[in-house]
Each structure stands twice: as C-alpha cells, then as structure tokens.
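Taking it in order: structure first as structure tokens, then the write-up.
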Amino acid sequence: EHATQATTIATFSEPGVYVIRLTVSDGEAEGNDNVQVQVNATPVVTAGADHIVVFGEPVSLTGSATDDGLPLGSSLDVAWSQISGPSPVLINPPNSPTAQVSVTAIGDYIFRLSATDSRTAAFDDVLVSVRPPGPNQAPVVNAGDDQFIGLASETMLE
C-alpha cells in the first residue's frame, strides 16, 4: 500500500508463504532485505453427522480435520471432548479424529472435535442420541440451527 515507505501494509488473499523485499536507495548505493510472511488458514474441522445409537451398542465418533500446513514446522493437533450429556464418558483415543465412546446412561450427548495448528483453532460439534432398546423409542427431533434475526426481518425455519 505504501510502497515508497519503510512501513507498509500488505494484504493477502490466500494462505501461503510470501517473501516481501524492502529495497532502499540513497541515489548512489542500494540495499535490500527480505521478510518471510506465513499467512495461516484456520483448520477445517468436521465432527460428523448427528446420529442415534441403541444403549449397549458401540458409540463411534467419526470426524476429520485438515490444515494448510502452516505455520511451517507445526503439526495439527486434534482432541475430542464431551460438551454435555447425562453422564461423564470415556473417549478412546481422545486425540484422534475417530474414537469410541463408553456411555453409561441413556440420553443426548454432545461431543466436540477441536483442532489447532499452534496458531489458529477450530471446532465442530456432533449430537449422539443414545436410546433405550425396544420398539417404544421416542422420535428424535431436530429443529435446525439457532437463528439470529433483526426485529423487522423474516427467516425461513427448515
């Protein structure tokens, strides 16, 4: 933006590694130096689809996490955690996009898959409904995502 000044503002539209060169001349001699800029994208995290299991069956969490590989030299760390549910659970392994969960009570559980690349972090949640065995199971209802609208606005609820 201020290409003729020692201080400038650079805008980047894509993640990646960029090299910016500063060149200074006094009319007789010229010097320059480079600076490397790493533009880091937030990891992309998917905790998987909401699902129903019958109590006593295995509960599987199947998520995914991807990253742009920046900052250079860092790794993508993932972790599952329990956000809510009728009882505490054991997640095994907790630091893998896919895991098994040991539940001890019937009800609705929300699990979160988080990912960080040491600079940025992201997460996604999944609902696991654990239902009692037998034919008289209550239906599972999903009203959709929360809606935030202005007073005079209209929204379609799906």
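The values are calculated or read from the model by the stated rules, or taken from the named source; none is laboratory data. Model, not experiment: these values are computed from the prediction. We place every Cβ from the backbone using ideal geometry, glycine too, and count neighbours over all the protein chains shown. For the accessible areas, the whole protein counts, side chains as well, though only heavy atoms, and no ligand, DNA or RNA atoms are used. Shrake-Rupley method; radii C 1.70, N 1.55, O 1.52, S 1.80 Å.
A few remarks follow.
- Strands (runs of 3 or more DSSP E) (entirely within segment 1-104) containing at least 3 residues that are open to solvent by 80 Å² or more (accessible area, probe 1.4 Å): 16-25, 30-39
- Test: residue in segment 140-150 that is part of a strand (DSSP E or B), modelled with pLDDT of 65 or more and out of contact with any helix residue (DSSP H, G or I) (no Cβ under 9 Å at 6 or more places or on another chain): no
- Whether a residue is within 17 Å of Ser129 (Cα to Cα) and in contact with a Leu (Cβ under 7 Å, 6 or more places away or on another chain) was assessed, and Gly48 passes this test.
- Condition met for Ser114 (surrounded by 10 or more Cβ atoms within 10 Å (Cβ to Cβ) and either touching a Pro at 6+ places or on another chain (Cβ under 8 Å) or closer than 23 Å to Pro133 by Cα (or both)): no
- Residue match in segment 120-135 (condition: touching a Leu at 6+ places or on another chain (Cβ under 8 Å) and modelled with pLDDT under 95): no
- Note on segment 20-74: residues that are modelled with pLDDT under 90 and among the aliphatic types (A, V, I, L, M) total 9.
- Output for segment 8-57, where each listed residue is under 30 Å from Phe111 (Cβ atoms) and polar (S, T, N, Q): Asn40, Thr42, Thr46
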